[in-house]
Amino acid sequence: MAKVIVHADKATAAQAVAATIRDLIVAKAQAKQTAVLGLATGSTPLPLYAELVRLHREAGLSFRNVVTFNLDEYEGLAGDHAQSYRYFMEQNLFRFIDIPRENTHVPAGISADAAVTCADYEAAIRSAGGIDLQVLGIGRTGHIGFNEPPSSLDSRTRRVHLDEVTRRDNSVFFGELSLVPHGALTMGVGTIMDCRQVELLAFGAGKADIIRKTLRTQPSAACPASWLQDHPRCTFHLDPEANARL
Ligand code: PGA
């Protein structure tokens, strides 16, 4: 059963998750191992990334021995497109820390063969030894990554169609709905379930209904995040507004 922590606010939640990530990175460095992080985009993880940057600048936290895999990318967007998730990661985290760029992975939004790109992504995660800790947000459709309903428990990294709710929610970043891609490449639910630890963040009243559905209904493809109920080490970090309907 997933654990739920209700924090005073999103800044406090971000500090808690950043501290968990710091402890993992430090423990792995002491063991002369690499920490493999799964990262997410969207507005939710922004305070977390700001806190990781602060820990790097003010507390000497180094990311030299960290490898990252992002959950997803819009289909058709190059890494230098202002709305691509590669660009998001550069702007909000990577350029402020000492992570070697070759250690960072985001699915390629443009490639000759999306199926090959997705299979290669799964292989890269495997050859890194799997993901130690995955950061997640949650969409109002119940998506994790871009696993829209229905997404099965055994789904792997693949090309998907975006739900219209998701396209509308994300159109604020693009300026208008018609500019939001219809497709994406995303790690699957199975890929996420394989991560050794999952830290999901959800903030604000707009997430209260989907948090309730995610944690209070039988796990099913109709609410992909609900599969996390069966993850052996998953914590939901909520603010009071996102917790309001639990
Ligand atoms: P948000 O998106 O952080 O912008 O609310 C979350 C998600 O869609 O996973």
Taking Lys and Arg as +1 and Asp and Glu as -1, residues besides residue 12 with C-beta under 11 Å from its C-beta add up to -2
Whole-angstrom gap from the range 8-26 to the range 137-156, using each part's C-alpha centre:
24 Å
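Considering only DSSP beta bridges where both residues belong to the range 3-238, give the percentage that are antiparallel (nearest 5). The partial results should precede the final answer.
Working: 9 of 30 bridges.
Of the beta bridges lying entirely in the range 3-238, close to 30 percent run antiparallel.
What size of dipole, in debye to the nearest 20, comes out for the chain about its Cα centre when the only charges are +1 on Lys and Arg C-beta atoms and -1 on Asp and Glu C-beta atoms?
Working: 25 positive and 27 negative charges, 117 e Å.
For the chain, the charge dipole is close to 560 debye.
Full-extension gain between residue 12 and residue 82, please, as 0.36 nm times their residue separation minus the C-alpha to C-alpha distance. Don't skip to the answer; put the middle values down first.
Numbers: separation 70, 0.36 × 70 = 25.20 nm, distance 2.88 nm.
Gain in length upon complete extension: 22.3 nm.
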Over the chain: helical MRE at 222 nm, DSSP H runs n ≥ 4 each giving -39500 (n - 2.57), nearest 500:
-10500 deg cm²/dmol
Partner lysines whose C-alpha sits under 23 Å from that of residue 3, ignoring same-chain residues fewer than 8 away, are 207, 213
Report the paramagnetic label zone for residue 65: residues of the range 28-51 whose backbone N is under 17 Å from a point 7 Å from Cα along the Cα-to-Cβ axis.
28-37
Just how far, in whole angstrom, is the range 170-246 from the range 97-129 if you go by their alpha carbon centroids?
22 Å
Using a simple spin-label model with points 7 Å from Cα along the Cα→Cβ vector, what separation in nm is obtained for residue 5 and residue 174?
3.5 nm
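Any read-out appearing in this document is the output of simple, stated calculations on the displayed coordinates, not a laboratory observation. Bear in mind the structure is a predicted one, so any value in this text is a computation, not a measurement. Methodologically, a virtual Cβ is constructed for each residue, glycine included, from the backbone with ideal geometry; neighbour enumeration extends over all protein chains shown.
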